[in-house]
Amino acid sequence: MTRVVEHEPNAASTPRGGPRRVIPIQPTADEVALYEIRKKIQPRAVHGWFARWRVALVFATQIVYYGLPWLSWNGRQAVLFDLAARKFYLFGGVFWPQDVIYLAVLLIVGALSLFLFTAVAGRLWCGYACPQTVYTEIFMWIERKIEGDRVARLRLDGAPMSPRKFALRSAKHAAWLAVASWTGYTFVGYFTPIRDLGHAVATLALGPWEAFWILFYSATTYGNAGWLREQVCKYMCPYARFQSVMFDKDTLVITYDRARGEPRGGRAKSVDPRAKGLGDCVDCGICVQVCPTGIDIRKGLQHECIGCAACIDACDQVMDRMGYAPGLIRYTTENALERQLPDRARWRRVLRPRTLAYALVLLAMVGATAWSLATRVPLRVDVIRDRGTLAREAGPGVIENVYRIQVMNTDERPRHYTVEASGLPGLRVVGLDQPIELEAASARLFALRLQAPLEPGEGKPPLAPGSHKIEIEVGSVAAGAKGKELEHDHVERHEQSTFIVPR
Amino acid sequence: MSDFVSTGWALYVAIVTLVSIAACAALLYGMGRMRVARKAGERVETTGHVWDEDLAELNHPLPRWWMWLFYATIVFALAYLVLYPGLGKLPGVLGWTSQNAYAGEVRSFDAKLAPRYSRYLAMDLEDVARDPEARAMGERLFLNDCAQCHGSDAGGSKGFPNLRDHDWLYGGTPERIRESIVNGRNGLMPAFGAALGDEGVRDVAAYVRSLSGLPADGVRAQIGRRSFAQNCAACHGVGGKGNQDVGAPNLTDPTWLYGSTEAAITETIRNGRGEASTVTRMPAHKDRLDAGKIQVLAAYVWGLSNVR
């Protein structure tokens, strides 16, 4: 028995208007649940211009991903995020937790790029570069090589278990697990030296956390690319839900040209569709068969569409076979379809205030970051006034202030530094063995004492009570230098602080 | 331990918690069984829920396994309430408390660090002071536990002795320094204002200044001398050289814990020092630091003035 909630036609006119439960004699409609058992999607393989782009991007991203941790730089792993030591090696640079601003900048640049690309051509990221798409592509390729294309796979799904089915399934999952494990291993290899990790895996000497994270990332790769697939995009990823606010009427999206295609219908190649009153859509359904999220693009733009363009490639092949012009499904804009804009006008609209603003901010951000990275000094200095004492008399007529100074050598070789202070007549650093030596990529926190005479003499005014602005300068000197012998790649930092003279 | 002051509130929160969980479960069960009619010929499917006259909700059914995840969160919540403190005043069967968790973490860190410090216990303190690694460890300990009063450079400040010089209130031998750290020091200068009177205080102050060669009124110093012998010599000694057993400072040297000006010395004699608050006393560290850390720290302090 079907229960249907319906509005009474004249509900508004009845005094206590509202829904009324009606139990119809005949079910008038199908039912939809709020939770439905997922129907497995077996997309058909597709070849064409956009598919080749995706393959190229799969290779590009995966060569970088799998290859990067194996590169060496100055005798260490070129890219290594050493969380335990809180040092992040990126080729020539060593980033410290203090450089977290660069992580923020990276995220901002990532977000801005996403805005820009989405405004121009929709979900380019989803269709070509997102790990979910890339690994699904790899896993589907394996599946196709082992179990065959769509029809063969559908038949296999329906067939009862047999030695052949078991063998195919085992082979597929073994291959998937192999790729997934290598992916997990590579991922952990970004955080712990990958060569040592390989040795640890081979000798079963993995630490508990390394083992956990390798298994975790292997499992997520296997689960996401093998089992969940389009569900990640449809139900988990927020991007699908907020893409609509980044689209506008001039955004290139994958669209079915309704005006050209409808009314759809089957016909022989020899028949003139116009004579039969048909549009160009032959209703072969191939666009639905190739869709990795199982939607029908002819229903218009849907949030499930990840913009992979598989339906464009597939439809173009059919159009070609039929002898029709390609592009029944194509990248086009809402405006172009509505107003029948020519290609040139459509492309010109890519340069609209929205995209120009995104591009400008993005460029400014990237430029500022590049400049900041290029002028980065491998030395950091923090000066904090000592909390214990404001000021003290170090001897007759000499005032002493104490500071805590942290000197961080972010360079990958030991360096020697001198510490100097300026801003008051006669101000000097006392009781410090200069120059100080710091190991490669190390920090040292120590107490710094500064003294200044109350009566500097030489016609200079005596030190007034109160707080004075001073500057502490830390600069590198050559190893074993006597006095100030600057290095060829001298670095220095100036830090502001105050010197207090008691009343 | 509970943050609730009365059982009533605990009960109220517990009931609200359980009712909320039950309501979530009921809602989930209802939604899981709910079926919405798909209207014939309608392109856009909604949940059938219409409000404000024409607002409807699109229906994109979630996969069934997603619903089981929601059920899992309910199971998790109930399991959590059984295992951990969360339901009113119930402590949970695991008996977990944040205090225990913290104490456990401290214990495990201490256990990890103890060997690094305790290996110095077997060494002579003066050798420890010359060990560069021990010195670096000592510096960090000092910055953590001592610098608040003695300053980051151990140079001290008013009322807090300088530890870099060779002048010691309680003695500068390794043993005495360790003793100071372990048990603390409670030196006390009593107030003499009532006993000596204003003039008497000024006389003694003048004499005290003269001891270290500071300019002082000669007549007052002469008078103060007698008063000093009667009132101060018991601790500071007849010659004012001090006594390290009670922490009485040497008054003949240029080091002044509370200042050398006439006003400062007068203030010291009149009102005493160290009585007004425990802040000015050296606290005992035997309960804060273990023997290994104290060894490293004592060696560092000794080394400040004895190791170059």
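Evaluated against (1) out of contact with any His (no Cβ under 8 Å at 6 or more places or on another chain); (2) closer than 27 Å to B:Cys146 by Cβ; (3) assigned to a loop (DSSP other than H, G, I, E, B), B:Arg176 falls short on exactly one condition, (3).
The residues of the stretch A:292-329 that are outside any helix (DSSP H, G or I), in contact with a helix residue (DSSP H, G or I) (Cβ under 6 Å, 6 or more places away or on another chain) and more than 14 Å from chain B (Cβ to nearest Cβ), listed by number, are A:Pro292, A:Ile306, A:Gly307, A:Cys308, A:Ala309, A:Pro326, A:Leu328, A:Ile329. Evaluate the stretch B:180-192: report whether one residue or more is among the aromatic types (Phe, Trp, Tyr) and not in a helix (DSSP H, G or I). Scanning the stretch B:180-192 turns up at least one residue that is among the aromatic types (Phe, Trp, Tyr) and not in a helix (DSSP H, G or I). Going through (1) surrounded by fewer than 18 Cβ atoms within 10 Å (Cβ to Cβ); (2) farther than 25 Å from A:Ala56 by Cα; (3) without any contact (Cβ under 8 Å) to a residue 24 or more places away in the chain one by one, A:Asp157 falls short only on (3).
Just to be sure before I move on: is A:Tyr66 in contact with an Asp or Glu (Cβ under 9 Å, 6 or more places away or on another chain), surrounded by 12 or more Cβ atoms within 10 Å (Cβ to Cβ), assigned by TED's automatic domain parsing to the domain that holds A:Leu197 and in contact (Cβ under 8 Å) with a residue 12 or more places away in the chain in the structure I sent? It is false that A:Tyr66 is in contact with an Asp or Glu (Cβ under 9 Å, 6 or more places away or on another chain), surrounded by 12 or more Cβ atoms within 10 Å (Cβ to Cβ), assigned by TED's automatic domain parsing to the domain that holds A:Leu197 and in contact (Cβ under 8 Å) with a residue 12 or more places away in the chain. Please determine, by comparing only the residues of the stretch B:147-160 that are under 20 Å from A:Leu432 (Cα atoms) and more than 7 Å from chain A (Cβ to nearest Cβ), which one is modelled with the lowest pLDDT. The residue in question is B:Gly156. What do you reckon, is B:Pro174 in contact (Cβ under 8 Å) with a residue 40 or more places away in the chain and more than 14 Å from every other protein chain (Cβ to nearest Cβ)? In short, yes. For the stretch A:292-299, check the following and say yes or no: at least one residue is among the hydroxyl-bearing types (Ser, Thr, Tyr), surrounded by 18 or more Cβ atoms within 10 Å (Cβ to Cβ) and over 24 Å from A:Cys237 (Cβ atoms). Within the stretch A:292-299, not a single residue is among the hydroxyl-bearing types (Ser, Thr, Tyr), surrounded by 18 or more Cβ atoms within 10 Å (Cβ to Cβ) and over 24 Å from A:Cys237 (Cβ atoms).
For beta carbons closer than 7 Å, sequence separation of 6+ or different chains, a first residue in the stretch A:172-185 that is in contact (Cβ under 8 Å) with a residue 12 or more places away in the chain and surrounded by fewer than 20 Cβ atoms within 10 Å (Cβ to Cβ) and a second that is assigned to a helix (DSSP H, G or I) and of a type in the set (Gly, Ala, Ser), the qualifying pairs are A:Ser181/A:Ser218.
Name the single residue, out of those in the stretch A:392-430 being of a type outside the set (A, V, I, L, M) and touching a helix residue (DSSP H, G or I) at 6+ places or on another chain (Cβ under 9 Å), that is modelled with the highest pLDDT.
Of all residues in the stretch A:392-430, those of a type outside the set (A, V, I, L, M) come to A:392-393, A:395-397, A:400-401, A:403-404, A:406, A:409-418, A:420, A:422-423, A:425-426, A:428.
Cutting the leftovers down to touching a helix residue (DSSP H, G or I) at 6+ places or on another chain (Cβ under 9 Å) gives us A:404, A:410.
On the way: A:Arg404: 91, A:Thr410: 87.
Here the residue is A:Arg404.
Taking the stretch A:245-259 only, how many residues are within 20 Å of the chain's Cα centre (by Cα) and surrounded by fewer than 17 Cβ atoms within 10 Å (Cβ to Cβ)? So the count comes out to 1.
Quick grid of which residues meet (1) modelled with pLDDT of 95 or more; (2) crowded, with 19+ Cβ neighbours inside 10 Å; (3) under 20 Å from the mean Cα position of the chain (by Cα):
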residue: A:Thr192; (1), (2), (3): no, yes, no
residue: A:Ala200; (1), (2), (3): no, no, no
residue: A:Thr203; (1), (2), (3): no, no, no
residue: A:Pro208; (1), (2), (3): no, no, no
residue: A:Thr220; (1), (2), (3): yes, no, yes
residue: A:Leu228; (1), (2), (3): no, yes, no
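Taken as a whole, the condition of being closer than 24 Å to A:Val94 by Cα, in contact with a helix residue (DSSP H, G or I) (Cβ under 7 Å, 6 or more places away or on another chain), basic (Lys, Arg) and at pLDDT 90 or above applies to A:Arg380. When A:Trp371 is tested against the conditions (1) aromatic (Phe, Trp, Tyr); (2) away from chain B (no Cβ under 14 Å); (3) touching a residue at least 12 places away in the same chain (Cβ under 8 Å); (4) within 30 Å of A:Phe88 (Cβ to Cβ), the lone failure is (3). Considering the stretch B:42-99, and only residues there that are among the small types (Gly, Ala, Ser) and part of a loop (DSSP other than H, G, I, E, B), the residue that is farthest from the other protein chains (Cβ to nearest Cβ) turns out to be B:Gly88. Of all the numbered requirements in (1) closer than 14 Å to A:Glu304 by Cα; (2) within 14 Å of another protein chain (Cβ to nearest Cβ), A:Gly223 misses one, and that requirement is (1). Evaluated against (1) under 17 Å from the mean Cα position of the chain (by Cα); (2) under 30 Å from A:Arg195 (Cα atoms); (3) free of Cβ contacts under 8 Å to residues at least 60 places away in the same chain, A:Gly92 falls short on exactly one condition, (1).
Within the bounds of the stretch A:432-442, is there any residue that is away from chain B (no Cβ under 14 Å), touching an Asp or Glu at 6+ places or on another chain (Cβ under 7 Å) and of a type in the set (Gly, Ala, Ser)? Within the stretch A:432-442 (the criterion being away from chain B (no Cβ under 14 Å), touching an Asp or Glu at 6+ places or on another chain (Cβ under 7 Å) and of a type in the set (Gly, Ala, Ser)), the answer is yes, since at least one residue qualifies. Residue count for the stretch A:266-281, restricted to those that are outside any helix (DSSP H, G or I) and surrounded by 14 or more Cβ atoms within 10 Å (Cβ to Cβ): 5.
Looking only at the stretch A:416-429, decide whether some residue is over 26 Å from B:Gly159 (Cα atoms), surrounded by 15 or more Cβ atoms within 10 Å (Cβ to Cβ), within 14 Å of chain B (Cβ to nearest Cβ) and touching a residue at least 40 places away in the same chain (Cβ under 8 Å). Yes: one or more hits.
Residue under question is B:Val106, and the condition is that it be over 30 Å from A:Glu31 (Cα atoms), in the same structural domain as B:Glu133 (by TED's automatic domain parsing) and β-branched (Val, Ile, Thr); does it hold? Yes, satisfied.
Regarding B:Leu18, is this residue more than 30 Å from A:Trp227 (Cβ to Cβ) and either surrounded by 15 or more Cβ atoms within 10 Å (Cβ to Cβ) or at pLDDT 90 or above (or both)? For B:Leu18, the condition - more than 30 Å from A:Trp227 (Cβ to Cβ) and either surrounded by 15 or more Cβ atoms within 10 Å (Cβ to Cβ) or at pLDDT 90 or above (or both) - is met. Of B:Tyr102, B:Tyr117, all but one fail to be assigned to a helix (DSSP H, G or I) and either within 14 Å of another protein chain (Cβ to nearest Cβ) or under 17 Å from B:Gly303 (Cβ atoms) (or both); the exception is B:Tyr117.
Out of all the residues in the stretch A:429-453, which are under 18 Å from B:Ser152 (Cα atoms) and out of contact with any Phe, Trp or Tyr (no Cβ under 9 Å at 6 or more places or on another chain)? Passing the criteria: A:Val429, A:Val430, A:Gly431, A:Asp433, A:Arg444, A:Leu445, A:Phe446, A:Gln451. As a summary of the residue check, A:Val55 satisfies the conditions (1) closer than 20 Å to A:Arg150 by Cβ; (2) crowded, with 17+ Cβ neighbours inside 10 Å except for the one numbered (2). Of the residues A:Pro238, A:Pro263, which single one is assigned by TED's automatic domain parsing to the domain that holds A:Pro342, surrounded by fewer than 22 Cβ atoms within 10 Å (Cβ to Cβ) and over 25 Å from the mean Cα position of the chain (by Cα)? Going through A:Pro238, A:Pro263 in turn, the sole match is A:Pro263. Screening B:Trp168 against (1) touching a residue at least 12 places away in the same chain (Cβ under 8 Å); (2) within 18 Å of the chain's Cα centre (by Cα) leaves a single unmet condition, (2).
The values are calculated or read from the model by the stated rules, or taken from the named source; none is laboratory data. Just so it is clear, the structure is predicted and the values come from calculations on it, not from any experiment. Backbone-built Cβ (ideal geometry, glycine too); neighbour counts: all protein chains shown.
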